[in-house]
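Heads up, the thing below is written out as structure tokens.
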Amino acid sequence: MITLGEGGTPLLAAPRLSAQLGVEVWLKWEGANPTGSFKDRGMAVAVGRALETGAQGVVCASTGNTAASAAAYAARAGIGAAIVVPAGAVAAGKLAQVAAAGAELVEVDGDFGAAFEAAEALASERGYVIVNSTNPDRIEGQTSAAAEIVEQLGGVPDVLCLPYGGGGNTKAYALGFEQAAGALPRIYPAQAERRGDTAASAIRIVQPVHRAEVEEAVQRSGGTVVTLNENEIASAWRDVGRLEGIFCEPASAAAVGAIGHGVAQAGERAVCVLTGHGLKDPDAIARLAA
Ligand code: F0G
């Protein structure tokens, strides 16, 4: 078993955000994971399994958080890690994490899609295991967050909001609530209107690999996909820091931005998943805090 102490993150009441938004808001603080994002839940399982099958290393494409997590867990497991990122598009703190773990960084000219193709090629060339969310062990590990919410809240919330990049996390939450409670909250994945060049670099993904499964699960839950413009994401990010004292990264704030789209009624309980830590993206402060 490979672990850095992932999971068991706080579910925080958010009284001032609740007052502003007119619904009972809870924040699942995934920035409290070992590398500062929710990716650690699935990475612990995926890297542990890769080690079990005798793999010499793991490879991923990433906008930065999967990269930081894969690098750390591979180091912990004593195997190699090749990290493929779109050049010039990853927050500084995440690249620092990759370097600190001694992983191999491959920068690709192009977007996340191009990085993913390069990662697949590298995986078959070297016999490394892919640890993107197309690896089912990643999804299985990430289901633990939904089970924790059910335990912490004493039941399934009315509403779940979370940022939507490739959709692996939405898929994992749907599965996790079904496994833990046999029921779903209404699920509202929040995506950037400008998927290709949003300031929320973690969710800068043009083609979500899990789109069909996300749409199926969201529809079954009674929710919808919510689309946010850049101002809505920035303003939600400022609210989380200034009203509740939580420093998340810009992409994470999309979860809170979704509440502003009328997804929950007074008296309902809404959980927003704050997926990553603000310290990963110091440049965002200059862009968004003004
Ligand atoms: N929030 C953060 C902070 C992320 O890093 C990501 C995805 C998401 C939300 C979206 O999750 O893709 O499962 O819908 N980051 C990936 C990465 C793409 O490479 O770190 P999703």
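The values are calculated or read from the model by the stated rules, or taken from the named source; none is laboratory data. What you see is a predicted model; the values in this text were computed from it and never measured. As a convention, Cβ positions derive from the backbone with ideal geometry for all residues, glycine included, and neighbour counts pool all protein chains shown. Just the protein is used for accessible areas: all its heavy atoms, side chains included, with ligands, DNA and RNA removed. Shrake-Rupley method; radii C 1.70, N 1.55, O 1.52, S 1.80 Å.
Here is how the numbers come out for the structure above:
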| read-out | value |
| --- | --- |
| Computed E for Glu120/Asp283 - FRET, C-beta separation, R0 22 angstrom, nearest 0.05 | 0.15 |
| Mean residue ellipticity (222 nm) of the chain, computed from DSSP H runs ≥ 4 via -39,500 (n - 2.57), nearest 500 | -13500 deg cm²/dmol |
| Sum of side-chain charges, Met1 neighbourhood, beta-carbon under 15 Å (Lys, Arg +1; Asp, Glu -1) | -2 |
| Label point distance in nm, Glu216-Asp197, each placed 7 Å from Cα along Cα→Cβ | 3.5 nm |
| Relative contact order (%) - the chain, alpha-carbon pairs under 8 angstrom, separation at least six | 22 percent |
| Solvent-accessible ranking of Lys39, Lys280, largest area first, probe 1.4 Å | Lys39, Lys280 |
| Packing-based ranking, highest mean first, of 182-193, 259-270 given that Cβ atoms within 10 Å are counted | 182-193, 259-270 |
| Per-residue SASA entry for Asp158, accessible area with 1.4 Å probe, Å² rounded to 10 | 60 Å² |
| Pairwise label distance in nanometres, Thr3 with Ala100, each label 7 Å out on the Cα-Cβ vector | 2.1 nm |
| Positive minus negative residues near Gly167 (Lys, Arg vs Asp, Glu; Cβ under 15 Å) | +4 |
| Kirkwood-based shape ratio for the chain, expressed as Rg/Rh from alpha carbons | 0.95 |
| Positive minus negative residues near His277 (Lys, Arg vs Asp, Glu; Cβ under 15 Å) | -2 |
| Ranking by accessible area, most exposed first, for Glu244, Glu117, Glu178, Glu215 with a 1.4 Å probe | Glu117, Glu215, Glu178, Glu244 |
